[in-house]
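Just below is one structure, and these are the notes that go with it.
The values are calculated or read from the model by the stated rules, or taken from the named source; none is laboratory data. Keep in mind it's a predicted model, so treat the numbers as computed, not measured. With ideal geometry, Cβ positions are generated from the backbone for all residues, glycine too; neighbour counts draw on all protein chains shown.
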Amino acid sequence: MEGLASTPGAPASGIRRPNRTVEARPTPRPVQTHRDRDRFVGFAFAAADLLIETDHDGTILFCAGARCRLTRGDVATLVGRNLADLVASTDRKYLRVLLDRVIEKTRIKPARVVFEGVDDQRFPALLGGCRLDSCPGSLFLTVLLASGPHGPHAASPGSGAGQLLDHHGFLSILEDRIVRAREKGLEHGLTLLLVEGMQAMVDSLPEGAAAEVRQGIDAYLRGISADGESAGQLSADRFGVIHASDVDCQEVQKHIAAIIEDAGGELPGGIRTWELELDETPLDAADAARALVYTVQAFASAQGGEFTISSLEDGARRMMSDAVERIGQLRATIEKRDFVVVFQPIVALATETVHHLEALTRVDGMSSPIDFITFAEDVGLIYDFDLLLTQSVLDTLKAFHKEPKLPDVAINLSAKTLMSPLFLKQFQAVTEPYGALSRKLLIEVTETVVVTDIARLNDVLQKLRSSGFRICLDDVGSGSTSFQSLYGLQVDFAKIDGSFVRGAAGSQRDMAMLRSMVDVCQQLGLALIGEQVEEPEHARLLTDLGVGYAQGYLYGHPSRDFGYFARDWSRMAGKGGKVLKKG
Ligand code: C2E
Ligand code: CA
Ligand code: CA
């Protein structure tokens, strides 16, 4: 084994703390002792690249391992240096928290730490450690340098050196970590932390002290978090930490208060924490995690309201039980297929004939499915629902396939569904049994979620197009469908948000907006559909702008009677373009 380093006169067994006068070469010792030590070292190397013994201050007393980027020479030359000097400056406080936790808890699981090599390059590694009662004053640390897709180089979202995950990063790991922890039987806890008045307090401090507070909290929360990378800052004064079960809320509050106090800060409000219990929910692990994500999302975005300093526990508990109940209902609606599909015609303005239909969901007791759909998106159940709806529409098309004028049907698929890694495969599995009939489907992309990766969404859309599905970008002009999507997504149709169409009839300003939007879409070569056409005036206005298609109560309300459209839709042009059947 290369690079074993110890000092003369070290005690007879184990990796013992040598004295400080360092010599890089191991000195001969009785054979048995050597073998004992090497055996221990061998076991430890099974899990690490580098073994380091430090004192409580972090000064390296012993170092063994393969040559690495931390030194130009043998790793033994690191003896006498402080471990903190090998770590990126942004991670030094964090390292201190980890060492303190080894001292306090006797053992820490490997956590991600960013080191700085002699070449000034930073690289992450996993640092684990323990202390032994028989060797007071020593900390035994392991460093795993290995890289690769599963190694510590595989950075999690948002985790730069010395940084907590941001709101999105935290939510994206939360579900995964909680489900995985439950599967593995690990007792992970989630603590939500509210430091009221944090922003104002930090702003009032001198720059150095403000940095102390920020970095101190950052380092402490990462230090107690699972793997050292499961802590996030959700808003200016809100944090979330996934941690092992040996961390308790009181301890977290005390530590944060001490960090603030040490920097000379004062909190006008207080610090509150809430630790979440998952086990009591009647949901399965995945759905319980969804309820949790929903609750944390609400905690992150709440400005006062449900989650104030005095009501954090109550607010969060209520939010969680509400989410659990609603998810249970949503599951039942999906599993029992407790929804119906209604159809609304989209009409070609030039001929006033039905061009295709849009399928819209109706859930019992709700006039509009919008709350249902939004909640399904928020808790990650929209995927199951969208695929089920696709199948339901295909079944309807199949039931009427002998009709001479079977209309095309647009279905709404959430961008979240389209971006899901399994989507293309499962969509193909759903549509394939229907053969050519499935190409009667148009896909409306309802971008009600922030699409951070337009290019990836476009990739999915182009694969669908090359398999013969036409795509329509929904709600263009509303806040939810951005200009980036309009430019970044190659689609066949753009549907102009209804509020624009109705607004343009009454306001010059809205009219100017509508005109420029239509202009952009036309230049991009898109066929245009105007929504919420309720009055003949709306239809005229769209025709004048050169919009090809329209949808709205003027032509027909959504209706369950698909047969009506399948049999008669070519005749619907009469009577001023109005579809006589109402939903
Ligand atoms: P959307 O895709 O923009 O659907 C058009 C909405 O406008 C429908 O509301 C429709 O009933 C309504 N509408 C149609 N004509 C008029 C009109 O002349 N005036 C006015 N004021 N409204 C009109 P609905 O059915 O309440 O659906 C709301 C939203 O829920 C939909 O907006 C869509 O985003 C979503 N949605 C509905 N069904 C589904 C579905 O099966 N899957 C998914 N992912 N989303 C769906
Ligand atoms: Ca739509
Ligand atoms: Ca729309």
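Brief remarks follow.
- Filtered residues of the stretch 236-273 (kept if part of a loop (DSSP other than H, G, I, E, B), without any contact (Cβ under 8 Å) to a residue 60 or more places away in the chain and charged (D, E, K, R)): ASP237, ASP248
The rows are residues; the columns are (1) within 12 Å of ligand 1 (Cβ to nearest atom); (2) of a type in the set (Gly, Ala, Ser); (3) at pLDDT below 90; (4) within 20 Å of ASN412 (Cα to Cα).
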{"site": "ASP492", "(1), (2), (3), (4)": "no, no, no, yes"}
{"site": "ARG502", "(1), (2), (3), (4)": "yes, no, no, no"}
{"site": "GLY506", "(1), (2), (3), (4)": "no, yes, yes, no"}
{"site": "LEU514", "(1), (2), (3), (4)": "no, no, no, no"}
{"site": "ASP519", "(1), (2), (3), (4)": "no, no, no, no"}
{"site": "GLN523", "(1), (2), (3), (4)": "no, no, no, no"}
{"site": "LEU526", "(1), (2), (3), (4)": "no, no, no, yes"}
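- Set GLY73, GLY65, GLY80: member being closer than 21 Å to PRO136 by Cα, more than 32 Å from the chain's Cα centre (by Cα) and not aliphatic (A, V, I, L, M): GLY80
- Across the stretch 500-540, the number of residues qualifying as polar (S, T, N, Q) and crowded, with 21+ Cβ neighbours inside 10 Å comes to 0.
- So PHE307, is it under 26 Å from ASP203 (Cβ atoms), modelled with pLDDT under 80, of a type in the set (Phe, Trp, Tyr) and not in a helix (DSSP H, G or I): yes
- Residue in the stretch 401-409 that is within 13 Å of ligand 1 (Cβ to nearest atom) and touching a Ser or Thr at 6+ places or on another chain (Cβ under 9 Å) present: yes
- Restricting the first member to the stretch 98-115 and to residues that are aromatic (Phe, Trp, Tyr), and the second to residues that are in a helix (DSSP H, G or I), the beta-carbon pairs closer than 6 Å and six or more apart or on different chains are PHE115/LEU86.
- Residue list for the stretch 389-424, filter: surrounded by fewer than 17 Cβ atoms within 10 Å (Cβ to Cβ), among the basic types (Lys, Arg) and assigned to a helix (DSSP H, G or I): LYS398
- Any hit, the stretch 423-430, residues being of a type in the set (Val, Ile, Thr), within 17 Å of CYS521 (Cβ to Cβ) and at pLDDT 95 or above: no
- Condition met for PHE500 (within 30 Å of LEU381 (Cβ to Cβ) and under 33 Å from the mean Cα position of the chain (by Cα)): no
- Selected residue (only one of GLY498, GLY506, GLY477 is out of contact with any Lys or Arg (no Cβ under 9 Å at 6 or more places or on another chain), assigned by TED's automatic domain parsing to the domain that holds ALA348 and free of Cβ contacts under 8 Å to residues at least 12 places away in the same chain): GLY506
- Boolean, ALA181 is assigned to a helix (DSSP H, G or I) and surrounded by fewer than 20 Cβ atoms within 10 Å (Cβ to Cβ): no
- Test: residue in the stretch 405-413 that is within 16 Å of ligand 2 (Cβ to nearest atom) and small (Gly, Ala, Ser): yes
- Residue within the stretch 66-83 that is buried (at least 18 other Cβ atoms within 10 Å of the Cβ), closer than 27 Å to VAL252 by Cα and of a type in the set (A, V, I, L, M) present: yes
- Residues of the stretch 360-387 classified as within 21 Å of LEU442 (Cα to Cα), at pLDDT 90 or above and touching a helix residue (DSSP H, G or I) at 6+ places or on another chain (Cβ under 6 Å), total: 6
- Some residue of the stretch 207-225 being part of a strand (DSSP E or B), in the same structural domain as ALA302 (by TED's automatic domain parsing) and surrounded by fewer than 17 Cβ atoms within 10 Å (Cβ to Cβ): no
- Looking only at the stretch 227-280, residues that are under 30 Å from LEU144 (Cβ atoms), among the hydrophobic types (A, V, I, L, M, F, W, C) and at pLDDT 85 or above come to 8 in all.
- Among residues of the stretch 406-419 that are farther than 12 Å from GLU377 by Cβ, those with a beta-carbon under 7 Å from a residue that is in a strand (DSSP E or B) and charged (D, E, K, R) at least six positions away or on a different chain give the pairs ALA410/GLU358; ALA410/GLU444; ILE411/GLU444.
- Which listed residue, of ARG540, ARG567, ARG571, is modelled with pLDDT of 95 or more, more than 40 Å from the chain's Cα centre (by Cα) and away from ligand 3 (no atom under 16 Å from the Cβ): ARG540
- Restricting VAL460, VAL445, VAL533 to those that are within 16 Å of ligand 2 (Cβ to nearest atom) and modelled with pLDDT of 95 or more reduces the list to VAL533.
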